[in-house]
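The values are calculated or read from the model by the stated rules, or taken from the named source; none is laboratory data. All values derive from a computational prediction rather than experimental measurement. So basically every Cβ, Gly included, is an ideal-geometry build from the backbone, and we count neighbours across all protein chains shown.
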Amino acid sequence: MLAVDIGGTKLDVGVVDAEGRLLGSRRAPTPRGDDAEALFAVLAGLAAEVRAGVDGAGAVSVCGVGCGGPMTPGGEAVSPLNIPAWRDFPLRDRLAEHLGLPVHVDNDAKALALGEGWVGAAAGERHFLAMVVSTGVGGGIVLDGRLLDGAAGNAGHIGHVIVEPDGRTCGCGARGCLEAEASGTAIAARTGAPAAEAPPEEVRRAGTLVGRAVASVASLLDLRLAVVAGSVALGHGEPFFAAARTELAARARLAFAAGAAIRPAGLGGAGPLVGAAAVGLRGAGLLPGRPGPGDERP
């Protein structure tokens, strides 16, 4: 599968095999500014490099894409909050035309959920939340073995759960969203330095707020596992996760939610591209145990 990950900081394109192994990839910074075509040109250039230079690229038959949201169903038009150049950008059709392949697009955090459930830290689990805490904060939810889509394909946006009433203004326009308080962008705004250089108290605060949001989701949806990826979460490591677990234990008190776990995602740096490949497989109806959009519940 050709796999594409589109984020506010970087663009990645790679090839993933049928066992979920990343065979090779190319990366570039996400262009700043408001030129939609310039951004697409960088993405198209990466895809050309991969198809020319990565073993196995000649055999790809489908492309899967994970992209920041929100978006319309199937990624027909995307408007990532952290990529202002794209507002209602027709990503799926533009990529399909450029690549000459079937293209399937989904939210990048939903893609992570698919990848982690396929070959990662949630493999074999039928009920879990997957999160990305990075430039922004996103999530994907699997219940009864099925990835939730929602009316417009945006289910799982845990980054917009309110964790600090009357807190910082979020890019979505609300105040106190998890993304506005614990994302890499928010930490940099609070401290005046890159999130990777955050002092211990900021790391603990971010972890605490993530644990608070997970507690709400665990109680709402009757799930007992959250796997967390992204540069902020994985970069800060155990201090971040320890704070998240402490807050989750303090807030998830109903009997069915008590004991819910937060663990690091299992796919590491390959996770976004493996997840994107899983989007492609799901769209083609080929992802084991993860029915595609529109499939009937058995």
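So the values come out like this:
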{"item": "Selection count where residues are assigned to a helix (DSSP H, G or I) and surrounded by 24 or more Cβ atoms within 10 Å (Cβ to Cβ), scope the stretch 216-240", "result": "4"}
{"item": "Meets criteria (in a loop (DSSP other than H, G, I, E, B), touching a helix residue (DSSP H, G or I) at 6+ places or on another chain (Cβ under 6 Å), closer than 23 Å to Asp12 by Cβ and hydrophobic (A, V, I, L, M, F, W, C)) for Leu287", "result": "yes"}
{"item": "Output for the stretch 156-182, where each listed residue is more than 21 Å from Phe128 (Cα to Cα) and not hydrophobic (A, V, I, L, M, F, W, C)", "result": "Glu164, Pro165, Asp166, Gly167, Arg168, Thr169, Gly171, Gly173, Arg175, Gly176, Glu181"}
{"item": "Count of residues meeting criterion [surrounded by 15 or more Cβ atoms within 10 Å (Cβ to Cβ) and either charged (D, E, K, R) or under 19 Å from Ala182 (Cα atoms) (or both)] in the stretch 250-261", "result": "1"}
{"item": "Residues within the stretch 1-10 that are surrounded by fewer than 23 Cβ atoms within 10 Å (Cβ to Cβ) and either closer than 13 Å to Val50 by Cα or without any contact (Cβ under 8 Å) to a residue 40 or more places away in the chain (or both), tallied", "result": "1"}
{"item": "Unmet criterion (only one of (1) under 30 Å from Asp17 (Cα atoms); (2) in contact with a Phe, Trp or Tyr (Cβ under 6 Å, 6 or more places away or on another chain); (3) among the hydrophobic types (A, V, I, L, M, F, W, C); (4) not assigned by TED's automatic domain parsing to the domain that holds Ala18) for Ala226", "result": "(2)"}
{"item": "Any hit, the stretch 189-198, residues being assigned by TED's automatic domain parsing to the domain that holds Val161, closer than 18 Å to Gly139 by Cα and either of a type outside the set (Lys, Arg) or surrounded by fewer than 20 Cβ atoms within 10 Å (Cβ to Cβ) (or both)", "result": "no"}
{"item": "Filtered residue count, the stretch 67-88, keeping only those that are in contact (Cβ under 8 Å) with a residue 40 or more places away in the chain, over 19 Å from Ala113 (Cβ atoms) and among the small types (Gly, Ala, Ser)", "result": "1"}
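For (1) surrounded by fewer than 21 Cβ atoms within 10 Å (Cβ to Cβ); (2) in a helix (DSSP H, G or I); (3) more than 21 Å from the chain's Cα centre (by Cα); (4) modelled with pLDDT under 95, each residue gets a yes or a no:
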position: Ala242; (1), (2), (3), (4): yes, yes, yes, no
position: Arg263; (1), (2), (3), (4): yes, no, no, no
position: Pro293; (1), (2), (3), (4): yes, no, no, yes
position: Glu296; (1), (2), (3), (4): yes, no, yes, yes
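Let's see how each residue does on (1) in contact (Cβ under 8 Å) with a residue 60 or more places away in the chain; (2) of a type in the set (Ser, Thr, Tyr); (3) within 21 Å of Gly115 (Cα to Cα):
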| residue | (1), (2), (3) |
| --- | --- |
| Ile187 | no, no, no |
| Ala198 | no, no, no |
| Ala226 | yes, no, yes |
| Ser231 | yes, yes, yes |
| Pro272 | yes, no, yes |
